[in-house]
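**Q** Quick one: this structure, given as structure tokens, is what I'll be asking you about.
The values are calculated or read from the model by the stated rules, or taken from the named source; none is laboratory data. Quick caveat: nothing in here was measured; it's all calculated off a predicted structure. Here the Cβ positions follow ideal geometry from the backbone for every residue, glycine too, while neighbour counts run over all protein chains shown. Protein only, heavy atoms only, side chains kept; ligands, DNA and RNA dropped before computing areas. Shrake-Rupley method; radii C 1.70, N 1.55, O 1.52, S 1.80 Å.
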Amino acid sequence: FFFFQAADGIRYLVRSRGLGVCIRDSINTVPIMVMGRYWLTDQNTMFRPYLGLGLGTSWTELKTDLGQFTATNARWQFAFAPEIGTIIPVNDQFAFNIGAKYTYGTKSGKVEAMQNFTISVGIAFMGN
């Protein structure tokens with residue numbers, strides 16, 4: 001037996017004689033958090049930088065497909081997400097939002113700690 005990984009990211013287990021098996025790994029996470037932000041300036045400035053923190057939970061599912069068989073391991077994890085960013089107002093109703101966030105879910109059972117780093121650029125609609 002030997003493994004090789006194809007260009008599409010799928011691992012294959014192949015016997016020296018005969019048929020092979022396709023192995024596909026996937027991770028699904030659904031974070032559920034309460035977010036808070038601390039604004040470093042008032043509303044009348046050109047840039048409105050902020051610091052934020054999210055606390056909550058994340059549902060994480062690890063799945064391995066081996067041919068027609070599937071192994072799944074899923075757990076709820078405690079999660080937190082510090083963030084930093086800025087709002088750039090264009091007018092009273094519209095602004096750009098640029099930020100970065102690091103999300104971390106703690107180890108739970110057989111599910112290892114999960115983490116990711118996100119850079120975001122978006123549009124914010126602000127109401128008065």
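**Q** Can you report the number of residues in the stretch 28-49 which are touching a Leu at 6+ places or on another chain (Cβ under 9 Å), open to solvent by 80 Å² or more (accessible area, probe 1.4 Å) and not in a loop (DSSP other than H, G, I, E, B)?
**A** 5
**Q** Any residue at all in the stretch 104-112 that is part of a strand (DSSP E or B) and among the basic types (Lys, Arg)?
**A** Taking every residue of the stretch 104-112 in turn, none turns out to be part of a strand (DSSP E or B) and among the basic types (Lys, Arg).
**Q** Considering only residues that are among the hydroxyl-bearing types (Ser, Thr, Tyr) and open to solvent by less than 40 Å² (accessible area, probe 1.4 Å), look in the stretch 73-105 and name the one that is nearest to residue 50 (Cα to Cα).
**A** Within the stretch 73-105, the match that is nearest to residue 50 (Cα to Cα) is 86.
**Q** Next question. Taking the residues in the stretch 106-121 that are over 18 Å from residue 56 (Cα atoms) and exposed (fewer than 11 other Cβ atoms within 10 Å of the Cβ) as candidates, determine which candidate is modelled with the lowest pLDDT.
**A** Result: 110.
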